[in-house]
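First up is the structure itself, then whatever we jot down about it.
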Amino acid sequence: MELLDAIRRRRTTNGAFLPQPVSAEHQRILMEVAGRAPSQLNSQPWRFVVVESRETIETIAEISGASMTEAMSNGTFFERYKPYFRFSKAEMARTRSGMLFDRLPAPVRPFTSQAFTPRGQKLMNSLHIPQTLGSENRKLVAGSPLLLGVMLDRSEYRPGELSSFYSLFSMGAAMENLWLTTVQLGMGIQFVSFPMEVPGQWERIVELLHVPDELELMAVYRLGYVPEERRRPAIDWTSSERKLPSQYVFRERADRPQEGWDEQVVPPEH
């Protein structure tokens, strides 16, 4: 698989993984590509913890599901992220950003437009939708054959200093290497984010993973193999039929400096 193909096919996996364990060879490859990412002055500030223990995975799943239920019940999740949700394909096509929120439980669909209002919140709570979503989240995480914790060395990650920016930038590069590699390996990956949304829950995971004091746990991901039919097909970006979205980058034109920057259409990030 070529690099451009992997980039174009990279997505977040929102569904379940196959139950088979991630092979030791594939784990080794993922750690190798992460470690080959660039870092400021070759500082390599990242550290990783690979979790295969069923007991640990199920405990983190419980924490994640409970966190999702709480964040959905008290409205903090919707209030924090409502600018990113789209409720129709037409809205998604118009904005070319955010996430299509098209899987609301059937009883709530008629009230989609009120999802972010106090009335909508009360309706969802009365129908126990936060509990249902939290339960589904717990099942997804619990069904993952592998979890990956990503940490930064506190001697490099010092908030407020340039070294902190460099560390975060380097960690992002390492995770992008790893993420793209999952495409080639027939795997999927998803950020386990809800424990970060609720005070006290992230600290439970830090304690559960025995993260040393000199390291900061930055993220946890779930990984596994995806069925063949759910793997993303290659995309022909050279086709004249392909419509590119209305997102823009700006490029300085050396040949026409008096005109400043030009707009270019580029594919969206999903």
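The values are calculated or read from the model by the stated rules, or taken from the named source; none is laboratory data. For clarity, every value in this text was computed on a predicted model and none was experimentally measured. Virtual Cβ from ideal backbone geometry, glycine too; neighbours counted across all protein chains shown. Only protein heavy atoms, including side chains, enter the accessible area calculation; ligands, DNA and RNA are left aside. Shrake-Rupley method; radii C 1.70, N 1.55, O 1.52, S 1.80 Å.
Show Phe77, Phe169 ordered by accessible area, largest first, where the area counts protein heavy atoms only and the probe is 1.4 Å.
Phe169, Phe77
Just to verify a number: what accessible area does Glu156 come out at with the full protein assembly present, 1.4 Å probe, Å² rounded to tens?
Roll a 1.4 Å probe over it and Glu156 shows about 60 Å².
Would you kindly find the accessible area of Ser23, with a 1.4 Å probe and non-protein molecules such as ligands, DNA and RNA excluded, rounding to the nearest 10 Å²?
Its accessible surface works out to 50 Å², give or take rounding.
How large is the accessible surface of Tyr81 in square angstrom, using a 1.4 angstrom probe and rounding to the nearest 10?
Taking all protein chains as shown, Tyr81 has close to 70 Å².
May I ask you to rank Asp153, Asp213 by accessible area, largest first, using a 1.4 Å probe over the protein chains only? It would help to have the intermediate numbers written out before the result.
Values: Asp153 30, Asp213 135 Å².
Reading off the accessible areas and sorting them downward yields Asp213, Asp153.
Spin-label point model (7 Å from Cα, Cβ direction): what's the Phe169 to Glu91 distance in nm?
3.6 nm
Sort Phe101, Phe194, Phe165 by heavy-atom solvent-accessible area, probe 1.4 angstrom, most to least. Don't jump to the answer; show the numbers that get you there.
Numbers: Phe101 45, Phe194 25, Phe165 115 Å².
Ranking Phe101, Phe194, Phe165 by accessible area, largest first, yields Phe165, Phe101, Phe194.
How long are the three semi-axes of the equivalent ellipsoid of the stretch 30-171, in whole Å, if each is the root of 5 times an eigenvalue of the C-alpha gyration tensor, listed from largest down?
Working: eigenvalues 249, 89, 43 Å².
Those come to 35, 21, 15 Å.
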